[in-house]
1. Are any residues in the stretch 129-141 closer than 15 Å to residue 86 by Cβ and in a loop (DSSP other than H, G, I, E, B), and if so, which ones?
2. Just to be sure, is residue 52 on the phi < 0 side of the Ramachandran plot and surrounded by 13 or more Cβ atoms within 10 Å (Cβ to Cβ)?
3. Which residue out of 97, 118, 93 is under 30 Å from residue 74 (Cβ atoms) and either in contact (Cβ under 8 Å) with a residue 60 or more places away in the chain or in a loop (DSSP other than H, G, I, E, B) (or both)?
C-alpha cells in the first residue's frame, strides 16, 4: 500500500506541475491571414462602338486583399491588429446603355472577401467580410463591412477575432493616365483575449486521490488471480 500511495503522490505532483505550466502567461504567438483576389469589376453592359473609349476601353476597377502575417502577446485583454492590406486600382467603368454612352448611371458591385486565418497553428478559420464598390461619373467609392466574430482556442486562451470595416473610401489618386492605383488601406481586426479556466492543482490532486480505493481494489483482484 505504501508503494501505491507513493506512486499516486508522484502522479499528483506531476499533475500539479502540469497545471502550473498551463497557466503560464505572455507567450508571443504568430497569426496569418490569407489574401483574396485580385477581382476586377467590369460593368455588365457592353459599351457600343461609339463609346468614348471604345468597346474594350472600360475594364473596371480591381480590388484585392493582400495576405498578412503578424504577432501579438497572448495575455487577457483587447487589442487591434492588422490582418490584411486592401489594394484598389481605379479604371474606366462603363455606365451607359448598350446603345447610348451618354445615358449614364452609377454602377455598383458587391463582392465577398472570405479568407482563412490561423493563430499559432490553430485553424484555419474563415474570416468573412462583404465589400461594396460604387462607380459613378465623377469618382468611385469602396467600402468593406465589418465581419462576424470567429473564435480560436490557443494555449489555454480564447481569442475572439472581429474584422473591422473600412470606408466608404473615395478615389484620391488620379495622377497620369489610367489605371489609377489608390493608396493601400490597412484592414484591422479586434482581438478579444480571455483566459480559459483550467482545473486548480489542488482539484486535480483530489481527483487523483479519489482513485486510490479503485486502484487498491484492482491491485487486490490481480494478486488474488495470481495465487495458485
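None of the figures in this text is laboratory data; all of them are computed from the coordinates on show. Just so it is clear, the model here is predicted, and its values are computed rather than measured. Virtual Cβ from ideal backbone geometry, glycine too; neighbours counted across all protein chains shown.
1. Applying the first criterion (closer than 15 Å to residue 86 by Cβ) to the stretch 129-141 yields 129-133, 140-141.
The one that is closer than 15 Å to residue 86 by Cβ and in a loop (DSSP other than H, G, I, E, B): 129.
2. On the way: on the phi < 0 side of the Ramachandran plot: yes; surrounded by 13 or more Cβ atoms within 10 Å (Cβ to Cβ): no.
Answer is no for this residue.
3. Working: 97 fails: under 30 Å from residue 74 (Cβ atoms); 93 fails: under 30 Å from residue 74 (Cβ atoms).
Exactly one of 97, 118, 93 is under 30 Å from residue 74 (Cβ atoms) and either in contact (Cβ under 8 Å) with a residue 60 or more places away in the chain or in a loop (DSSP other than H, G, I, E, B) (or both), namely 118.
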